[in-house]
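Note sheet for the following structure.
Here, each number is a calculation from the coordinates, and none is a lab measurement. The model shown is predicted, which means the values in this text are computed figures rather than measured ones. Cβ placement follows ideal geometry from the backbone for every residue including glycine, while neighbour counts extend to all protein chains displayed.
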Amino acid sequence: MRTRVVLLTGLLALTACGGVAGADAPRRLRVEVLDTLPHDRTAFTQGLELVDGVLYEGTGRVGASSLREVDPATGEVRRRAELAPPLFGEGVTVVGDRVWQLTWREGVAVQWDRATLTEVRRVGYTGEGWGLCHDGGRLVMSDGSARLTFRDPATFQPTGQVVVRRAGEEQTRLNELECADGAVWANVWGSDEIVRVDPGSGRVTAVVDASGLLPARDRTGDQVLNGVAAVPGGDQFLVTGKNWPSMFRVRFVPAG
């Protein structure tokens, strides 16, 4: 009994000073809006990435799935490539002169030529496809679970995986992804949260509260937050959602 009391006392002391529990607690962040930009309300946004001043957007739904080249300042769709039924488009990411795009339940990744937006090839994978990003050396893919899968950017073959945990508990529903500054940012499906993940440990290091960006009166049932793209060369991001009429240029800053 004495040993148990000593251990419990030590654990409480560590918790009180930010030891055991504090070490795993993610930082709380909020969204600071810098600008409001137009966004095509017909876009059921599944993937978003800003490269060389061009916004690449993947959209979903059977019969409406596409890869788009968008002017980030005006929201104008400059070019688009359609995904024929039954494909349901999901996350996208740019790798050099190619763009990878996932599909939801079809088990197919489509590789596009970036210059022409024409299809290059298709590669099969197991399970669902949700989000995708490129960290400069590998692809990072989500499937709606708490797992992130790492893939070779040339072959799309899996090379490893990590389970994402938030304060020790598995963080499921990881959706659209963005790789930036050594971290993976992930929309949490069905919520107004974006989490920052350490891809080495799988630990959620920060949680962004993005509620209030789009007024509730402007939303219907499936118009959820989904789409985060880092603005190169700084600490800013572009954030939008499915069928949202606006996109927001933001910073993620400490909450409270």
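Tabulated data for the structure shown
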{"quantity": "Relative contact order (%) - region 26-254, alpha-carbon pairs under 8 angstrom, separation at least six", "calculated": "22"}
{"quantity": "Theoretical ellipticity at 222 nm over the chain - DSSP helices of four or more residues, -39500 (n - 2.57) apiece, nearest 500", "calculated": "-2500 deg cm²/dmol"}
{"quantity": "Sites Thr126 and Asp35 - FRET efficiency at Förster radius 41 Å, r taken between beta-carbons, to 0.05", "calculated": "0.50"}
{"quantity": "5 angstrom amide H check on Phe88, placed H, neighbours 5+ away", "calculated": "Trp104, Arg105, Glu106"}
{"quantity": "Rg in Å to one decimal, and Dmax rounded to a whole Å, for region 194-236 via C-alpha atoms", "calculated": "13.7, 40"}
{"quantity": "Of Arg68, Arg151, Arg79, the one that fluctuates the most in a GNM where the chain has Cα springs shorter than 10 Å", "calculated": "Arg79"}
{"quantity": "Cβ-Cβ FRET estimate between Gln161 and Arg98, R0 fixed at 22 Å, reported to 0.05", "calculated": "0.45"}
{"quantity": "Simple label model, 7 Å out from Cα along Cβ direction - Ala25 to Ser191, nm", "calculated": "1.7"}
{"quantity": "At R0 = 22 Å, FRET efficiency that the Cβ-Cβ distance of Asp181 and Arg79 yields, to 0.05", "calculated": "0.15"}
{"quantity": "Low-density loop cleavage sites - trypsin sites (Lys or Arg not before Pro) in region 159-256, where at most 15 other Cβ are within 10 Å (DSSP)", "calculated": "Arg219"}
{"quantity": "Anisotropy class of the chain from Cα gyration tensor, a/c 1.5 cut", "calculated": "prolate"}
{"quantity": "Gained length - Arg173 relative to Thr118, 0.36 nm times residue gap less alpha-carbon distance", "calculated": "16.7 nm"}
{"quantity": "Angle in degrees between helix 2-16 and the longest Cα principal axis of the chain, rounded to the nearest 10", "calculated": "50"}
